[in-house]
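Each value in this text was obtained by applying a stated rule to the coordinates, not by laboratory testing. Being a predicted model, the structure only gives us computed values, none of them experimental. Here Cβ is always computed from backbone atoms with ideal geometry, including for glycine, and neighbour counts include all displayed protein chains.
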Amino acid sequence: IKEHRIQGPLTGKKVVVTAGPTREYIDPVRFISNPSSGKMGIAMADAARALGADVTLLHGPITEKIPDRIQTKSFISADDLFELMKDHQDADIVIKSAAVSDFKPVTRSNQKEKKDRAKLSVELERNPDILSWLGEHKKKGQVLIGFAMETENLMENARAKLEKKNLDWICANSLSEKGSGFASDTNTIHLIGHERQLEFTGSKKEIASQILQEIFGS
Ligand code: CTP
Ligand code: CA
């Protein structure tokens with residue numbers, strides 16, 4: 001059933017949100033990943049939908065329930081996400097909440113690695129920085145919203161990412177701040193733009209809607 005079109009500040013806008021972790025397989029049974037639950041990205045997608053946007057959520061392997069009202073596509077690795085992102089490059093707004101692996105194994109063995117040795121080294125190489133690529137190819141009027149997960153120098157590091165990746169906004173998260181972190185239902189986000197900076201604390205759902213209201217609300 002096609003949902004009745006919501007009238008809001010984002011009606012008619014195409015929004016792409018990415019959520020969750022990536023997996024970089026070492027062999028058929030093992031991978032490198034991170035504890036991202038996808039909760040913040042799902043909350044951002046739902047908040048954008050509530051403001052009237054036409055939303056697509058690109059998500060990694062997550063167990064979190066995604067509301068049926070959100071259109072989705074799934075990815076496993078950073079390379080998969082990069083391909084999906086290129087297909088959605090025309091979006092008016094991109095919200096990059098996904099926790100993308102910075103590195104992937106140089107080679108992936110087709111068979112399970114056996115434990116018949118005392119040590120095993122896995123050589124890793126850099127993944128493409130998808131958000132930087134989007135920043136380099138940003139189209140006129142497109143709004144790019146990145147996330148930053150830091151364990152130290154939160155504001156300084158996040159600001160540097162805002163500039164370096166040619167973003168409009170960055171949502172800075174700290175692993176050490178109260179009530180924040182990967183799988184938590186709550187978060188503290190410092191929303192940093194080129195002209196203003198605000199702090200939001202509360203449930204991921206509340207924060208997501210406040211952030212989008214702040215940026216796009218009339
Ligand atoms: N990101 C991305 N592609 C990558 C790595 C990160 O698109 N290969 C995006 C994330 O989705 C996030 C933003 O870049 O929106 C910042 O991610 P973060 O890990 O905080 O920063 P990095 O630029 O990867 O730098 P570092 O991990 O070294 O702090
Ligand atoms: Ca990173």
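Key figures for this structure:
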| quantity | calculated |
| --- | --- |
| Within the chain: Cβ-based charge dipole about Cα centre, in debye rounded to nearest 20 (Lys, Arg +1; Asp, Glu -1) | 420 |
| Length-normalised contact order for the range 104-207 - Cα pairs under 8 Å, 6+ apart - percent | 17 |
| For the range 137-199, size of Cβ-based charge dipole, Lys and Arg +1, Asp and Glu -1, in debye | 460 |
| Length-normalised contact order for the range 126-178 - Cα pairs under 8 Å, 6+ apart - percent | 40 |
| Candidate lysines - alpha carbon under 18 Å from K204, same-chain residues fewer than 8 apart omitted | K39, K65, K96, K178 |
| Degrees, to the nearest 10: 78-87 long Cα axis against longest axis of the chain | 40 |
| Tilt relative to the chain, helix 39-50 - C-alpha long axis, 0 to 90 degrees, to 10 | 30 |
| Structure-based [θ]222 nm, the chain - -39500 (n - 2.57) summed over DSSP H runs of at least 4, per residue, nearest 500 | -7500 deg cm²/dmol |
| Cα centroid separation, the range 1-59 to the range 180-218 (Å) | 16 |
| Degrees, to the nearest 10: 154-164 long Cα axis against longest axis of the chain | 80 |
| Rel. contact order, % - alpha carbon contacts under 8 angstrom, at least six apart, the chain | 20 |
| Residue-span extension gain [M155 to T11] - 0.36 nm each, minus C-alpha spacing | 48.6 nm |
| Likely footprinting exposure, L134, L124, L162, fewest C-beta neighbours within 10 Å first | L124, L162, L134 |
| 5 angstrom amide H check on I62, placed H, neighbours 5+ away | none |
| Sequence of K178, K96 once ranked by neighbouring C-beta atoms within 10 Å, starting from the fewest | K178, K96 |
